[in-house]
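Here's the structure, in structure tokens; my notes come after.
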Amino acid sequence: MWIYLNDKFVQERDAVISVFDHGFLYGDGVYETIRSYGPRLFMRDQHLSRLFRSAEAIGLTIPIPLKEWADILHEAMARNAVGTDQQDAYLRITVSRGAGDIGLNPALCPSPTVVVMAKPLAPPASVLYESGVTIIVASTRRNLPSALPPQVKALNFLNNILAKREAIAADAFESVLLNWEHHLTECTISNLFFVTDGRLRTPALECGLLDGITRGIVIRLADELPIRIEEGRFTVDQLYQADECFLTNTSMEIMPVSMVDTKTIARGKPGPVTLKLRSRFLEARERFLEPTRSS
């Protein structure tokens with residue numbers, strides 16, 4: 001695998017960083033994941049803008065100008081033979097505070113570390129979209145927004161990892177995290193939607209969750225259909241009583257949920273609103289891809 005490290009591409013065996021890197025020592029940094037459909041990146045500018053917003057929020061300066069990122073991402077795909085008509089790509093951008101002496105002061109790190117990895121996208125099995133997945137409500141609570149703003153895609157992912165461990169122990173696909181007020185927020189790597197009486201509902205950002213990019217697209221498509229949508233503060237009981245439920249993120253798009261804890265949703269299969277939105281997403285996907293690059 002070719003990996004972009006700071007200012008050049010290197011082979012995987014040479015892609016090493018210092019043990020004094022503050023991303024390793026303290027989780028001090030930000031990241032973003034992007035996918036392609038063939039050679040075209042999905043919501044490229046929105047993902048990059050969010051990366052820069054996250055970095056700005058923690059006082060981290062990304063040393064590569066925004067205008068140069070598209071070329072880097074496409075070179076990463078080309079070098080690794082992904083992002084082709086035969087193989088979609090999964091890209092991970094990591095920007096850490098960089099190497100510096102031990103201590104919490106960001107000034108100890110003179111130069112950020114930048115890493116870009118590109119590998120084949122491994123989407124969920126197609127059978128899951130037909131049968132739906134099982135999710136659980138985790139005992140782990142979402143971080144307080146006043147302690148760690150959810151709009152920062154930080155390298156410190158321990159909150160989500162603890163909830164993911166719960167999902168793995170329960171043999172579930174995902175965990176839903178509640179906030180300090182016992183309201184629904186999001187899952188470990190995805191946003192949550194559910195349907196009650198034909199109305200699409202999703203936790204409001206104020207509950208303490210990331211403004212997922214696919215989440216935003218689903219809200220937009222629902223408005224176009226039109227499907228009534230409500231962003232608000234919702235409880236576990238409301239989720240249990242839902243007629244339908246689904247998850248969203250960049251790599252899995254719209255994933256139906258057929259069971260929450262021990263409660264069967266939508267008679268154990270994808271519901272009509274979920275299927276309508278998924279169909280609409282597939283039809284509209286072209287709108288969300290970057291322009292075709294000239295050869």
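The values are calculated or read from the model by the stated rules, or taken from the named source; none is laboratory data. Every value quoted in this text rests on a predicted model; they were computed, and no experiment measured them. Cβ: placed from backbone, ideal geometry, glycine included. Neighbour counts: every protein chain shown.
Only residues that are on the phi > 0 side of the Ramachandran plot and either touching a His at 6+ places or on another chain (Cβ under 7 Å) or modelled with pLDDT under 95 (or both): list them for region 176-221, please. Spell out the reasoning first.
First, pick out the residues of region 176-221 that are on the phi > 0 side of the Ramachandran plot: 182, 197-198, 208.
Of everything in region 176-221, those that are on the phi > 0 side of the Ramachandran plot and either touching a His at 6+ places or on another chain (Cβ under 7 Å) or modelled with pLDDT under 95 (or both) turn out to be ASP197, GLY198.
I need a count of the residues in region 207-218 that are surrounded by fewer than 20 Cβ atoms within 10 Å (Cβ to Cβ) and within 18 Å of THR274 (Cβ to Cβ). Give the derivation first.
In the first step, residues of region 207-218 are kept if they are surrounded by fewer than 20 Cβ atoms within 10 Å (Cβ to Cβ); the result is 211, 216.
From what is left, the residues that are within 18 Å of THR274 (Cβ to Cβ) are 216.
Adding up the residues that qualify gives 1.
Run down ARG50, ARG142, ARG92 and say which single residue is touching a residue at least 24 places away in the same chain (Cβ under 8 Å), within 30 Å of ARG267 (Cβ to Cβ) and among the basic types (Lys, Arg). Can you show your working first?
On the way: ARG50 fails: within 30 Å of ARG267 (Cβ to Cβ); ARG92 fails: within 30 Å of ARG267 (Cβ to Cβ).
None of the others qualify; the one that does is ARG142.
List the residue pairs whose Cβ atoms are under 6 Å apart, where the first residue sits in region 266-295 and is outside the structural domain of ILE227 (by TED's automatic domain parsing), the second is in a helix (DSSP H, G or I), and the two are 6 or more positions apart or on different chains.
GLU290/ARG44
Conditions (1) crowded, with 19+ Cβ neighbours inside 10 Å; (2) of a type outside the set (A, V, I, L, M); (3) part of a helix (DSSP H, G or I), marked per residue:
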residue: ASP45; (1), (2), (3): no, yes, yes
residue: LEU51; (1), (2), (3): yes, no, yes
residue: ILE64; (1), (2), (3): no, no, no
residue: TRP69; (1), (2), (3): yes, yes, yes
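Name the single residue that is nearest to GLY59 (Cα to Cα) among those in region 11-43 being in a strand (DSSP E or B) and among the aliphatic types (A, V, I, L, M). Break it down stepwise before answering.
In the first step, residues of region 11-43 are kept if they are in a strand (DSSP E or B); the result is 11, 21, 29-37, 40-42.
Of the ones still in play, those that are also among the aliphatic types (A, V, I, L, M) are 30, 34, 41.
Working: VAL30: 11, ILE34: 23, LEU41: 27 Å.
In this case the residue turns out to be VAL30.
In region 137-169, how many residues are exposed (fewer than 15 other Cβ atoms within 10 Å of the Cβ) and of a type in the set (Gly, Ala, Ser)?
4
In the set ARG201, ARG267, ARG233, which member is among the charged types (D, E, K, R) and buried (at least 18 other Cβ atoms within 10 Å of the Cβ)? Can you show your working first?
On the way: ARG267 fails: buried (at least 18 other Cβ atoms within 10 Å of the Cβ); ARG233 fails: buried (at least 18 other Cβ atoms within 10 Å of the Cβ).
Residue meeting the stated conditions: ARG201.
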